[in-house]
Amino acid sequence: MDCSETRQHLSDLNRGRLAPDTTAEVRAHVAECATCAAALQTETRIRSMIQTQAPRYSAPPALKTRVQALFAQAAIPTETIADDGAPSTGWSGRQSRWRVSLPGYPWIVGSLAGAVVIVLVVWSGWHWLVGDPVSLLAGRAVAEHTEYVKDTMTRSPADPSTEIRQVQSQVDFPLGPVFPGDSQVQMIAGKVEWLRGRRTAMFIYRNSSGHYTTLFLMPESGIVIPDEGRLPIETFKPYHTETQGRQLLLWKQQNLACLLVSDLNQAGIASMFLKVRERK
Ligand SMILES: [Zn+2]
């Protein structure tokens, strides 16, 4: 089991929700990996803080978006530091960077750091209480997207109708109409994978500036879309989040849960959403 897979299991590990063999695999990785051990410690600490101290209410969407952006930023330097082999424990690396970047204003840094911790607890509370299965799904989807982009980078565009037909023959639910691409976006390939225990159809698209977007289609049953964190796009309000620097939208349509993961910015994924949504 690698670091990214381990990280996705830490929350479930803490709650005793993992199957025994997965628990053993995660424990084995954590025993050998200082970075994941630190992540598990942080997870445990924050979780116990939430259980003992945090009132249970949801963060307003605007706040959540800002915190998620902070969270995404904070995750990157932590990984980078860890890869260099230097000791790192979660947020301290980020805070010391602020200290460096705001010399002479330690009080600003101090209150900023305090604000981030409070906000984090509220956000994490939301994350665990409401969005956890979705965030796990999101984590897996982003990993698949990243792998898939690597695989298809050198590939020339596929014939969309052939790809769709092949994917449809490998899943036991109707895909319905699938966006075949247009003059700005080309379908590169279609594929079927297991995603968090669900047979999932995947289509990858590349736009003219070389950005990739993956569409995941799976049966909707058992997927609860959080009420918070919706992004208004014309008359629609799909769930929106950003994970590991990728934009992600999730919504339900025609008995399917539809998930878009993209290297594009928020405006870019919104435009892809409309293309996909109108087709379905
Ligand atoms: Zn690790």
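Readers should treat all values here as calculations from the given coordinates under stated rules, not as data from a laboratory. The shown structure was predicted, so the numbers you read here are calculated from the model rather than taken from an experiment. Here the Cβ is made from the backbone with ideal geometry for all residues, glycine too, and neighbour counts use every protein chain on show.
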Largest first and in whole Å, give the semi-axes of segment 133-279's equivalent ellipsoid, each being the square root of 5 times a Cα gyration tensor eigenvalue. 20, 18, 15
Cut-off is 10 Å between beta-carbons; in what order do Ser161, Ser169 appear when sorted fewest neighbours first? Ser169, Ser161
Run the reach check for Lys275 against lysines, Cα to Cα strictly under 17 Å, same-chain hits fewer than 8 apart removed. What comes back? Lys237, Lys252
Span per principal axis, largest first, for the Cα atoms of segment 1-53 (Å): 33, 23, 15
Quick one: Arg246, Arg199, fewest Cβ neighbours within 10 Å first, how do they rank? Arg199, Arg246
Ranked from fewest to most other Cβ atoms within 10 Å of their own Cβ, Ile164, Ile269, Ile223 fall in the order Ile223, Ile164, Ile269
Candidate lysines for bridging to Lys150, where Cα separation is under 17 Å - those fewer than 8 sequence places away on the same chain excluded: Lys191
